[in-house]
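The values are calculated or read from the model by the stated rules, or taken from the named source; none is laboratory data. Quick caveat, the model's predicted, so the values are computed rather than measured. Quick reminder, even Gly has a Cβ in these numbers, built from the backbone with ideal geometry, and neighbours come from all protein chains shown.
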Amino acid sequence: MSKRAPKPKGLPAHVSVSKTGVYRYRRRVPGNLVETIGKREVKESLGKDYGAALRRHAVIQAGVEKLFAQKPRKNSNAEIKVLSKLREYSLDLQAVAAAAREGVDPDQPDDLTYAIDAAIEELERDPEIPPEFLRNAAKGILTVTLAGALDDYCEYRKTGQPISDRVIERRTERHKERLARYLGRDAVNRRPLSNLRRTDARRVVEALINETSPATARRYLNDINAAVNRAILEYDLDCANPFMRLDTKGGKHTRDNRLPLDDDDMKALAPIMETDDDLGTIWITLRDTGARLNEIVGLRGCDVDERRKTVWIRPHEARPIKTDNSNREIPIPDAVLERLMAHKGKTSEAPLFPRYVRERGNDACSQTLMKRLRKAVKEPRKTAYSLRHRMKDMLRDADCPEDLAREIMGHSDQSSAANYGRGSSLERKRAALEKVWDN
């Protein structure tokens, strides 16, 4: 049994050390701010290096102090609710403002007046919308904030699948929490988007790079940029997006970010990974299909076709897919088919790997696979996802046409021609994959 790493003397308050030697920042949110911030604790990983952990702690602590110094506020997305309701009645703020300026003859009300009254009446039933928002909305005056833009983008991205939607909601709340630490809560919840400047966006970039890797910072900024772009477009805002084309040095993906597993790696991993349990079945299916981890973990009995010897990657309630092109049928060898058939449940809808079909189940599976993999492969740029890179390279070496490789791997192809027709035949896919399996 591993022992907890000793806590160095002089370690700041709110910092602890995990059993694996990772320093963690953990601080309880004051009760009066829980609803405002959206969580009961602030938790951040500080890494394993003591000096780096102290530096990151200083940055996080300063941001948290600033966050906790804010006055409790509610309803950061109230303006989005109001704007969405106006849109349901085919209204926009400009039309409402014009009606408010010109006034209405009470003896001759028009359709616009009825629509405004009906929208406001519905909004009045929502206890989460403050009265001042409704008064401003009736005059065509409303502010779209950064928090509101993120909330709107969150709703736009939801798929109706509970597990996926909870992940999107948590990600949005974390974005708002970080931005509040970097810019101040007023800047996020009250300042109009039109008043945000490039200097604000650069502050966000600098803070993100201090707390995360450049690649992670780039992913977070992509979300923020997309949310602001959507708000500007949807609500006809007359402003530029300060988060566009921000440079995060080292944040772009390159071929060297993750390396494929080579033949020597696969030989060393075979006795560790090709076991008779769930993880062993998941591993060999990933190896022989090049699919993404969540695509295999989310397989159900009805997704395995014994006659056609294929797996069908398609979305369902417990597992979304990354893109439309990810919806595909992949041939599998007999050995993989036999293993998958042994995992079939009592019903066709039952998951093959039920222990991982839950919230954060993909993460749990990935972490367990990585613990096994690290026993034989120490190169940090080689992970379980490297199987997908390996399959791409092996398809290239087998002279598989690029369009066919994209279909097998489920990669996006934005060309119009690629989206016509049913795609390549199953026989053509199997012929390409058999060359890989035979190597």
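Brief remarks follow.
- Leading residue by the ranking (surrounded by the most Cβ atoms within 10 Å (Cβ to Cβ)) among those in segment 408-427 that are at pLDDT 65 or above and part of a helix (DSSP H, G or I): ILE408
- Output for segment 200-241, where each listed residue is touching a residue at least 60 places away in the same chain (Cβ under 8 Å) and either aliphatic (A, V, I, L, M) or under 30 Å from ASP49 (Cα atoms) (or both): ALA207, ASN210, GLU211, ASP223, ILE224, ALA226, ALA227, VAL228, ALA231, LEU237
The rows are residues; the columns are (1) under 27 Å from GLY423 (Cβ atoms); (2) within 23 Å of the chain's Cα centre (by Cα).
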site	(1), (2)
VAL311	yes, no
PRO315	yes, yes
LYS322	yes, yes
ARG328	yes, yes
ILE332	yes, no
ALA335	yes, no
ARG339	yes, no
LYS371	no, no
VAL377	no, no
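- Check on THR285, crowded, with 17+ Cβ neighbours inside 10 Å, at pLDDT 95 or above and outside the structural domain of ARG157 (by TED's automatic domain parsing): yes
- Leading residue by the ranking (modelled with the lowest pLDDT) among those in segment 252-261 that are in contact with a helix residue (DSSP H, G or I) (Cβ under 8 Å, 6 or more places away or on another chain) and surrounded by fewer than 20 Cβ atoms within 10 Å (Cβ to Cβ): HIS253
Every residue, every condition in (1) of a type in the set (S, T, N, Q); (2) surrounded by fewer than 20 Cβ atoms within 10 Å (Cβ to Cβ); (3) closer than 30 Å to ILE168 by Cβ, yes or no:
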| residue | (1), (2), (3) |
| --- | --- |
| GLU295 | no, no, yes |
| ARG300 | no, no, yes |
| ARG307 | no, yes, no |
| PRO315 | no, yes, yes |
| VAL336 | no, no, no |
| ALA342 | no, yes, no |
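- Residues located in segment 263-273, provided they are under 17 Å from LYS382 (Cβ atoms) and surrounded by fewer than 15 Cβ atoms within 10 Å (Cβ to Cβ): ASP263, ASP264, LYS267, ALA270
- Those residues of segment 386-408 which are more than 13 Å from ASP262 (Cα to Cα) and either within 25 Å of the chain's Cα centre (by Cα) or of a type in the set (A, V, I, L, M) (or both), in sequence order: LEU395, ALA398, LEU404, ALA405, ARG406, GLU407, ILE408
- Residue count, segment 370-396 (criterion: without any contact (Cβ under 8 Å) to a residue 40 or more places away in the chain and assigned to a helix (DSSP H, G or I)): 3
- Taking segment 174-199 as the range and being of a type in the set (Val, Ile, Thr) and free of Cβ contacts under 8 Å to residues at least 60 places away in the same chain as the test, only THR199 passes.
- When GLU65 is tested against (1) modelled with pLDDT under 80; (2) exposed (fewer than 12 other Cβ atoms within 10 Å of the Cβ), only condition (1) is not met.
- Annotation: of all residues in segment 344-355 being surrounded by 13 or more Cβ atoms within 10 Å (Cβ to Cβ) and not acidic (Asp, Glu), the one that is farthest from ARG166 (Cα to Cα) is LYS344.
- Residues satisfying the stated conditions in segment 356-368, i.e. under 19 Å from SER164 (Cβ atoms) and part of a helix (DSSP H, G or I): TYR356, GLY361, ASN362, ASP363, ALA364, CYS365, SER366
- Members of segment 304-351 that are among the hydrophobic types (A, V, I, L, M, F, W, C), modelled with pLDDT under 95 and part of a loop (DSSP other than H, G, I, E, B): ALA318, ILE321, ALA350
- Among the numbered conditions (1) within 21 Å of ALA53 (Cα to Cα); (2) buried (at least 21 other Cβ atoms within 10 Å of the Cβ), the only one that ARG174 does not meet is (2).
- Within segment 155-171, the set of residues being modelled with pLDDT of 85 or more and either buried (at least 22 other Cβ atoms within 10 Å of the Cβ) or of a type in the set (Val, Ile, Thr) (or both) comprises just one member, ILE168.
- Residue match in segment 400-407 (condition: buried (at least 18 other Cβ atoms within 10 Å of the Cβ) and under 16 Å from MET266 (Cβ atoms)): no
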